[in-house]
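Trainee: Before I ask anything, here is the structure I am working with.
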Amino acid sequence: MSSEPLLSVDRVNVWFPIRRGIFSRVRGHIRAVQDVSLTVQAGEVLGLVGESGCGKSTLARSILMLQPPVSGTIRWQGRDVYRLGGEELRQVRRQIQIVFQDPYASLNPRLPVAQIVTEGLVAHRMIRADQAADRAAVLLADVGLGTDALYRYPHEFSGGQRQRISIARALSMNPKLIVCDEAVSALDVSIQAQVINLLMELRAKYGLSYLFISHDLSVVKLIADRVAVMYLGRVVEEGPTAQVMANPVHPYTEALLAVVPEVGRPRGQLPVLAGEIPSVARPPAGCAFHTRCPLAVDRCRSERPELAGEEGHKASCHIRSA
Amino acid sequence: MSNPGDDKKRGPIEPLLRVEDLVVSFATEAGVARAVDGVSFSIMPGEILGVVGESGCGKSVTAMSLLRLIPHPPGRIERGCAWFRGRDLLAMPIDALRRVRGREIGMIFQEPMTALSPLHRIGSQLVEAQQFHGDIGRDQAWAHAVRWLERVGIPDAPDRMYAYPHELSGGMRQRVMIASVLMMEPALIIADEPTTALDVTIQAQILRLLMEAKNRDTAVLLITHNLGVIWETCSRLLVMYASEIVEQGPVEDVFAGPRHPYTRALLKANPAMAVRGGRLETIPGQVPSLLRRPNGCRFADRCPMALDTCRQAAVPLTRAGARSVRCLRADAMEAGGEMTP
């Protein structure tokens, strides 16, 4: 690739202690994120997919500087974000914003919309309080809401409109990267389409990058330039979206794609991936996927495969290589 | 026909459930809102009937009304019948309906904790359900429950019988609830967004279980907003919009050639059907308020094909062969497919 990436995550581990007993002694760790490396270039959309508990949201929290990793570094334009202080830190905090899944839980029900979308601006002293209303109107116009929304409260809006308000709030900071954590997953199909279109318009207009976290592969397929697939805390496959979707290498990626019911496929032939996702507290030895993998051999049960492959498209599997 | 639901050769058979002109309303401070407005449909044994529509279209209220689970007040079943094995579910005494619920008609909810008690172990809940409905010994009921937990893919089922619901993952709880429904071998299962909160690999497991139940001649009313799920599992579907059925027919036919502009818009907004880099089709405007339904077609204000006549009087659901549609411009939709008046 060309220049320095906007965001680079380098061998990051995020662990949570498991405490037991009367002295709350640490008895082990939940290894939520293990040895994850990723990059996001300026203007790029990176899709992050995986099932519940795979660590994708924890990784997002680390990127947002809300959960320090136990090892590894997260760099923003080359600088380690956990070593920043003062004005530099405040600047990076403005440049990385988030839109959450649940627009009912992530907007303060007691504040009018104008205040919700400009709160950050006032806190960062980017505008004076008396300029807030004008600025809010501009932000809301960007996400397709009119000035009549300014002094209304979150409960007066539908789910799709609330998600627009969340996006306006993120935009207020002039971010370079927006982390979308299941941002369209809770919306009805036609509303989801509107919000996806909005995200794509804003990307074109402001040159935004997105880290797009989703369990819905059809949405990721549509908007992500590159995609990383996580399983039990690790990235198991990563590459250009079209390539990964058309030629998945890792058996888990293949299974994830195969089990999504999609209109137009042969009907009544959905394959089933047997078994459970193992506990993150006691991950299986070797390849974490071996307990469910149809291709697993002895080596997979003892030796952990490294992420390897051609430039751009990598997978961690002993049996198949990218 | 080539639909999964009717691959078996059968003579003419009676529908298992026939719903006629169901009207359900809710009293609100601002007035009476009709959440379901004149819905009629039927389900055959061994058929999976899909109901699709967006939040607030009335699909869940329809399902809940069949077992009279609508809170009253504010909800009220104003009129209609639901004929099930010769009895009207909506008119029978509530004690008789309790014998039907769970035994003859099972219900699967989106959120398993609405059906499982947090205070009791899985095993005792599964045994109690069987003993409520039949003269069955505790040991026999226990063994039956274990067998079903294994069938729905719960690992270490005999041990899990002693677990409380909170000790299981969300996907496992959902499968416990589904086991509790399937083990009673009901004739009809009403499944309201059964896989919406689940991961895709677990979703596939649950859909497989519903297909297996269908193959044992169980009928399923499957409510979902996921068109992929409908395509995969259903033989027929109903499309609901603003409290009414707007289109009905065999899944393959409706998806290949929707006859209602709303159905077509829903299909086009589905990201799975879109082209990468292109804009997704959206539906302009909003669903009309429950309190102020327009006189004519309820979709007219958002419809690219609407004419003045569409807004003048209520549009009837018109049947043609296996399909029905509530649209004055259905022929124009089919003929050219141009989305202009």
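Trainee: Can you pull out the residues in the stretch A:211-225 that are among the charged types (D, E, K, R) and within 8 Å of chain B (Cβ to nearest Cβ)? First the steps, then the outcome.
Mentor: Residues of the stretch A:211-225 that are among the charged types (D, E, K, R), as a first pass: A:216, A:221, A:225.
Listed by number, the residues that qualify are A:216, A:221.
Trainee: If residue A:263 satisfies all but one of (1) over 15 Å from residue A:295 (Cα atoms); (2) at the interface with another protein chain (Cβ under 8 Å from one of its Cβ atoms); (3) in contact with a Ser or Thr (Cβ under 9 Å, 6 or more places away or on another chain), what's the number of the condition it fails?
Mentor: Checking residue A:263 against (1) over 15 Å from residue A:295 (Cα atoms); (2) at the interface with another protein chain (Cβ under 8 Å from one of its Cβ atoms); (3) in contact with a Ser or Thr (Cβ under 9 Å, 6 or more places away or on another chain), the one that fails is (3).
Trainee: Scan the stretch A:178-191 for residues that are touching a helix residue (DSSP H, G or I) at 6+ places or on another chain (Cβ under 7 Å) and either farther than 24 Å from residue A:158 by Cα or within 8 Å of chain B (Cβ to nearest Cβ) (or both) and jot them down.
Mentor: Matches in the stretch A:178-191: A:189, A:190, A:191.
Trainee: For the stretch A:4-53, which residues satisfy the criterion of being without any contact (Cβ under 8 Å) to a residue 24 or more places away in the chain and in a loop (DSSP other than H, G, I, E, B)?
Mentor: A:21, A:22, A:23, A:24
Trainee: Assuming residue B:100 fulfils every condition listed in (1) in contact with a Gly (Cβ under 6 Å, 6 or more places away or on another chain); (2) closer than 25 Å to residue B:132 by Cβ apart from one, which condition is it?
Mentor: So the condition that residue B:100 fails would be (1).
Trainee: Anything in the stretch A:198-209 that is surrounded by 18 or more Cβ atoms within 10 Å (Cβ to Cβ) and either within 11 Å of chain B (Cβ to nearest Cβ) or part of a helix (DSSP H, G or I) (or both)? List them, or say none.
Mentor: Passing the criteria: A:198, A:199, A:200, A:202.
Trainee: Next question, about the same structure. Is it true that some residue in the stretch B:300-308 is within 28 Å of residue B:109 (Cβ to Cβ) and either touching a residue at least 12 places away in the same chain (Cβ under 8 Å) or of a type in the set (S, T, N, Q) (or both)?
Mentor: No - not one qualifying residue is present in the stretch B:300-308.
Trainee: Looking only at residues that are in a loop (DSSP other than H, G, I, E, B), small (Gly, Ala, Ser) and within 25 Å of residue A:38 (Cβ to Cβ) in the stretch A:291-314, which one is nearest to the chain's Cα centre (by Cα)?
Mentor: That would be A:312.
Trainee: With A:154, A:175 as the choices, which residue is away from chain B (no Cβ under 14 Å), in contact with a Pro (Cβ under 7 Å, 6 or more places away or on another chain), crowded, with 17+ Cβ neighbours inside 10 Å and not small (Gly, Ala, Ser)? Show your work before the answer.
Mentor: Numbers: A:175 fails: in contact with a Pro (Cβ under 7 Å, 6 or more places away or on another chain).
That would be A:154, the only listed residue that is away from chain B (no Cβ under 14 Å), in contact with a Pro (Cβ under 7 Å, 6 or more places away or on another chain), crowded, with 17+ Cβ neighbours inside 10 Å and not small (Gly, Ala, Ser).
Trainee: Let me ask something else. With the condition kept exactly as written, say whether any residue in the stretch B:148-157 is touching a residue at least 60 places away in the same chain (Cβ under 8 Å), within 14 Å of chain A (Cβ to nearest Cβ) and either farther than 20 Å from residue B:111 by Cα or of a type in the set (A, V, I, L, M, F, W, C) (or both).
Mentor: No, there is no match, as no residue in the stretch B:148-157 is touching a residue at least 60 places away in the same chain (Cβ under 8 Å), within 14 Å of chain A (Cβ to nearest Cβ) and either farther than 20 Å from residue B:111 by Cα or of a type in the set (A, V, I, L, M, F, W, C) (or both).
Trainee: Test residue A:228 against the criterion of being surrounded by 23 or more Cβ atoms within 10 Å (Cβ to Cβ), more than 14 Å from chain B (Cβ to nearest Cβ) and not in a helix (DSSP H, G or I), and give yes or no.
Mentor: Criteria met by residue A:228.
Trainee: Still on this structure, I have one more. Need a quick list: strands (runs of 3 or more DSSP E) entirely within the stretch B:235-341 having at least 3 residues that are touching an Asp or Glu at 6+ places or on another chain (Cβ under 7 Å) and either hydrophobic (A, V, I, L, M, F, W, C) or buried (at least 22 other Cβ atoms within 10 Å of the Cβ) (or both).
Mentor: Passing ranges: none, list empty.
Trainee: Mind counting the residues in the stretch A:274-303 that are more than 26 Å from residue A:16 (Cβ to Cβ) and modelled with pLDDT under 85?
Mentor: 1
Trainee: Continuing with the same structure: Taking the stretch B:251-263, which residues are of a type outside the set (S, T, N, Q) and under 17 Å from residue B:228 (Cβ atoms)?
Mentor: B:251, B:252, B:254, B:255, B:256, B:258, listed by residue number.
Trainee: Taking the criterion of being among the aliphatic types (A, V, I, L, M), surrounded by fewer than 22 Cβ atoms within 10 Å (Cβ to Cβ) and facing another protein chain (nearest Cβ under 9 Å), would at least one residue in the stretch A:233-247 satisfy it?
Mentor: Applying the first criterion (among the aliphatic types (A, V, I, L, M)) to the stretch A:233-247 yields A:235-236, A:242, A:244-246.
From what is left, the residues that are surrounded by fewer than 22 Cβ atoms within 10 Å (Cβ to Cβ) are A:242, A:245-246.
Filter once more, so that each one left must be facing another protein chain (nearest Cβ under 9 Å): A:242.
Scanning the stretch A:233-247, I find at least one residue that is among the aliphatic types (A, V, I, L, M), surrounded by fewer than 22 Cβ atoms within 10 Å (Cβ to Cβ) and facing another protein chain (nearest Cβ under 9 Å), so the answer is yes.
Trainee: Now a separate question. Inside the stretch A:66-144, counting only helices (runs of 4 or more DSSP H) that do not spill past its ends, which hold 3 or more residues that are among the hydrophobic types (A, V, I, L, M, F, W, C) and more than 24 Å from residue A:194 (Cβ to Cβ)?
Mentor: Because the criterion is at least 3 residues that are among the hydrophobic types (A, V, I, L, M, F, W, C) and more than 24 Å from residue A:194 (Cβ to Cβ), the helices (runs of 4 or more DSSP H) in the stretch A:66-144 that meet it are A:113-123.
Trainee: Among the strands (runs of 3 or more DSSP E) lying completely within the stretch B:1-79, list those that include at least 2 residues that are modelled with pLDDT under 95 and farther than 30 Å from residue A:265 by Cα.
Mentor: Strands (runs of 3 or more DSSP E) meeting the threshold: B:17-28, B:31-43.
For every residue, the table says whether it meets (1) at pLDDT below 95; (2) within 14 Å of chain B (Cβ to nearest Cβ); (3) under 22 Å from residue A:238 (Cα atoms).
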site: A:20; (1), (2), (3): yes, no, no
site: A:28; (1), (2), (3): yes, no, no
site: A:40; (1), (2), (3): no, no, yes
site: A:95; (1), (2), (3): no, no, no
site: A:105; (1), (2), (3): yes, no, no
site: A:109; (1), (2), (3): yes, no, no
site: A:125; (1), (2), (3): yes, no, no
site: A:128; (1), (2), (3): yes, no, no
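Trainee: Next question, about the same structure. I need a count of the residues in the stretch B:269-301 that are within 12 Å of residue A:193 (Cβ to Cβ) and either polar (S, T, N, Q) or facing chain A (nearest Cβ under 8 Å) (or both).
Mentor: 11
Residue-wise test of (1) under 18 Å from residue B:281 (Cα atoms); (2) under 18 Å from the mean Cα position of the chain (by Cα); (3) in contact (Cβ under 8 Å) with a residue 12 or more places away in the chain.
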site	(1), (2), (3)
A:190	yes, no, no
A:199	yes, yes, yes
A:202	yes, yes, yes
A:215	no, yes, yes
A:226	no, yes, yes
A:231	no, yes, yes
A:246	no, no, no
A:260	no, no, yes
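Trainee: Could you please find all residues in the stretch B:39-60 being more than 13 Å from the chain's Cα centre (by Cα), more than 10 Å from every other protein chain (Cβ to nearest Cβ) and not aliphatic (A, V, I, L, M)?
Mentor: B:40, B:45, B:46
Trainee: Can you name every residue in the stretch B:189-207 that is within 8 Å of chain A (Cβ to nearest Cβ) and either in a loop (DSSP other than H, G, I, E, B) or in contact (Cβ under 8 Å) with a residue 60 or more places away in the chain (or both)?
Mentor: B:199
Trainee: Let me ask something else. Could you say whether any residue in the stretch A:75-93 is of a type in the set (Gly, Ala, Ser), crowded, with 18+ Cβ neighbours inside 10 Å and within 16 Å of residue A:8 (Cα to Cα)?
Mentor: no
Trainee: Is it true that residue B:176 is closer than 20 Å to residue B:43 by Cα, among the hydrophobic types (A, V, I, L, M, F, W, C) and either at pLDDT 90 or above or not in a loop (DSSP other than H, G, I, E, B) (or both)?
Mentor: For residue B:176, the condition - closer than 20 Å to residue B:43 by Cα, among the hydrophobic types (A, V, I, L, M, F, W, C) and either at pLDDT 90 or above or not in a loop (DSSP other than H, G, I, E, B) (or both) - is not met.
Trainee: State whether one or more residues within the stretch B:155-164 are buried (at least 24 other Cβ atoms within 10 Å of the Cβ), at pLDDT 90 or above and hydroxyl-bearing (Ser, Thr, Tyr).
Mentor: no
Trainee: Name the single residue that is nearest to the chain's Cα centre (by Cα) among those in the stretch B:158-178 being of a type in the set (A, V, I, L, M, F, W, C) and more than 13 Å from every other protein chain (Cβ to nearest Cβ). Before you say what the answer is, go through the steps one by one.
Mentor: Step one: list which residues in the stretch B:158-178 are of a type in the set (A, V, I, L, M, F, W, C), which gives B:161, B:163, B:168, B:172, B:176-178.
Subsequent filtering for residues that are more than 13 Å from every other protein chain (Cβ to nearest Cβ) retains B:161, B:163, B:176-178.
On the way: B:161: 29, B:163: 30, B:176: 20, B:177: 17, B:178: 15 Å.
Taking the candidates together, the pick is B:178.
Trainee: Quick one: residue A:170 ticks every box in (1) of a type in the set (A, V, I, L, M); (2) farther than 23 Å from residue A:212 by Cβ; (3) at pLDDT 90 or above except a single one, so which number is it?
Mentor: Single failed check for residue A:170: (2).
The values are calculated or read from the model by the stated rules, or taken from the named source; none is laboratory data. Worth saying up front: this structure is predicted, and the values here are computed from it rather than measured. Every residue, glycine among them, receives a Cβ derived from its backbone with ideal geometry; neighbour counts consider all protein chains shown.
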